[in-house]
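See below for the structure under consideration.
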Amino acid sequence: MKILSNQLKINNLKLTRLKLTFLFISISISFSYPQVYSESDAEICDKKFQLAVNEDLKYEPIEDVIVAIGISFTGTEYLAHALEEDGDEQIVINLSGLDCTTLVENCLALSRCVKNGTTSFDEYMEELQFIRYRDGVVDGYTSRLHYFSDWITNNVEKGVVEDVTAQIGGEPINFNLNYMSTHPNSYKQLKENPELIPIIKAQEEEISSREYFYIPKEEIESKEEFINSGDMIAITTTVEGLDIGHVGIAVKMDDGRIHLLHAPSPDTKVHITELTLEDYLMKYKRHSGVIVLRVLEPTDLPN
């Protein structure tokens, strides 16, 4: 019994060290890099967390939390190039203007904070960084997950989302990525720092070697029953050199059909499409199909 008791003490000591190490890493990740945000961003963040308290969202499935927070962003202005700032890579927060990717990232980060009970502004920024950057670490412009297929792979590895596309009948697709490296003038940092282009090109080649799955838009109707409200929808594109052309959040409406909550373009605000997801995809030739991501419940270290 004494041996067992000593072993338990050792195990508890190891777990305590693990928790302290994780906490130290989390703090280092949170505050080691410059952040760009305004007082209004902190106020909006606080309002989202207050919404979660008012509606007891902490105790709801995370997909319901994402939909509730996403709907609370409807009417928010579209902001192009939302993350591009001068100088070194910075963690950019802008909750009063969103594009399609920052809408998805912010809804996901806020929802994970709500479920974890980590609802300070600093904890929200830490969560956003974890989602937005490769392995959660800011290491210059090329550490940001620019291609959304790369975002998918890394956030699957981090346990944030599950790619369920193959499970619900998707078919294989490979991306031949080269858009960023062949259009550097379209990207502020690549235009000003051409030495980054070979790094981006190497990343493109790595991503292009992977196999993904997608559901062609012609098959959405037959697969729609397997898409849940709160799933994240990545829309594949026919644009040469790109992978994903648009992203949003699936919302099941009163008609029983899946619609898309998204930030589509500079001349619109965040909204839920009047068209079903199927009809929305069929409206645009550049949309070829979808990848479906299921958000996983965040987990804490063992007590």
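Solvent exposure of Ile199, expressed as accessible area, is near 80 Å², computed with a probe of 1.4 Å over the protein chains only. Between the helical axis of 2-31 and the dominant principal axis of the chain, each derived from Cα atoms, what acute angle in degrees is found, rounded to the nearest 10? Here the helix axis deviates by roughly 50 degrees.
Note on Lys191/Met253: beta-carbon distance plugged into 1/(1 + (r/R0)^6) with R0 of 30 Å gives a FRET efficiency of 0.10. Would you mind classifying the range 31-81 by shape? Square roots of the alpha carbon gyration tensor eigenvalues, ordered a ≥ b ≥ c; an a/c under 1.5 is rounded, otherwise it is prolate if a/b is larger than b/c and oblate if not. Verdict is prolate for the range 31-81.
Amide H to amide H distances under 5 Å link Glu162 with Arg294, Val295, Leu296, where only residues 5 or more positions off or on other chains count and H is placed in the peptide plane.
Under a model in which nothing but the beta-carbon of Lys, Arg (+1) and Asp, Glu (-1) is charged, the range 206-303 shows a dipole of about 220 debye around its Cα centre. Per-residue ellipticity at 222 nm, computed for the chain from helices alone with -39500 (n - 2.57) per DSSP H run of at least four residues, works out to -13000 deg cm²/dmol. The calculated FRET efficiency for Asp46 paired with Glu218, based on their beta-carbon distance and R0 = 51 Å, is about 0.70.
Taking θ as phi - 60° and the Karplus parameters 6.51, -1.76 and 1.60, the scalar couplings of the range 258-274 work out to 7, 10, 10, 8, 7, 10, x, 6, x, 9, 9, 10, 4, 7, 9, 4, 5 Hz in sequence order, x denoting glycine and proline. For the range 41-58, putting each phi into the Karplus relation 6.51 cos²θ - 1.76 cosθ + 1.60 with θ = phi - 60° gives couplings of 5, 5, 5, 5, 4, 4, 5, 5, 5, 5, 4, 4, 5, 4, 9, 6, 5, 4 Hz, in residue order, rounded to whole numbers and with x for Gly and Pro. The 1.4 Å probe gives accessible areas that order Phe213, Phe175, largest first, as Phe213, Phe175.
Electrostatic bookkeeping for Arg134 treats Lys and Arg as +1 and Asp and Glu as -1; over the other residues with beta carbon under 15 Å from its beta carbon, the sum is -4. Here the Gaussian network model covers the chain, with springs between Cα atoms less than 10 Å apart; of Pro172, Pro264, Pro216, Pro172 fluctuates the most. Only aspartates and glutamates eight or more places from Lys269 in sequence, or on another chain, were considered; those with a Cα closer than 17 Å are Glu77, Asp99, Glu105. For Phe49, Phe226, the ranking by accessible surface with the largest value first comes to Phe226, Phe49, using a 1.4 Å probe.
Calculate what fraction, in whole %, of the accessible area of the chain sits on carbon and sulfur atoms when a 1.4 Å probe is rolled over the protein chains.
Working: 7780 of 15010 Å².
About 52 percent, which is the carbon plus sulfur part of the accessible surface.
Across the cross-link table entries Lys217/Lys252; Lys158/Lys191; Lys191/Lys285, which are compared at the Cα atoms, the separations over 21 Å belong to Lys158/Lys191; Lys191/Lys285.
Per-peptide packing, taken as the mean over residues of other Cβ atoms within 10 Å, places 252-258, 153-159 in the sequence 153-159, 252-258 from highest down. Computed extension gain for Asp88 through Glu162, at 0.36 nm per residue and net of the alpha carbon distance, reaches 23.5 nm. Calculated from the structure at hand, semi-axes √(5λ) of the Cα gyration tensor in Å is found among (1) 31, 25, 21; (2) 34, 25, 20; (3) 31, 24, 17 as (1).
State the antiparallel share, in %, of DSSP beta bridges confined to the chain, rounding to the nearest 5.
On the way: 27 of 31 bridges.
Around 85 percent of the beta bridges assigned by DSSP in the chain are antiparallel ones.
Proximity of backbone amide H atoms, modeled 1.01 Å from N, is registered between Gly289 and Lys217, Thr236 at under 5 Å, excluding neighbours fewer than 5 places apart on the same chain.
Just add up the charged neighbours of Ala263: K/R +1, D/E -1, any other residue whose Cβ is under 14 Å from the Cβ of Ala263. Before the final figure, lay out each step's value.
Numbers: positive: Lys269; negative: Glu77, Asp99, Glu105, Asp267.
Every neighbour counted, the sum reads -3.
Per-residue Karplus couplings for the range 69-79, computed as 6.51 cos²θ - 1.76 cosθ + 1.60 with θ equal to phi - 60°, are listed in order as 5, x, 5, 5, 8, 4, x, 5, 5, 6, 10 Hz, Gly and Pro entered as x.
With a/c under 1.5 counting as rounded, go ahead and sort the range 131-197 into rounded, prolate or oblate using the C-alpha gyration tensor (a ≥ b ≥ c being the square roots of the eigenvalues; past the cut-off, prolate if a/b is larger than b/c, else oblate). Show your work: numbers first, answer last.
Working: a/c = 4.04, a/b = 1.60, b/c = 2.53.
Cα axes put the range 131-197 in the oblate bin.
The values are calculated or read from the model by the stated rules, or taken from the named source; none is laboratory data. Every value quoted in this text rests on a predicted model; they were computed, and no experiment measured them. Neighbour counts run over all protein chains shown; Cβ positions are idealised from the backbone, glycine included. Side chains are part of the model used for accessible areas, which takes the heavy atoms of the whole protein and leaves out ligands, DNA and RNA. Shrake-Rupley method; radii C 1.70, N 1.55, O 1.52, S 1.80 Å.
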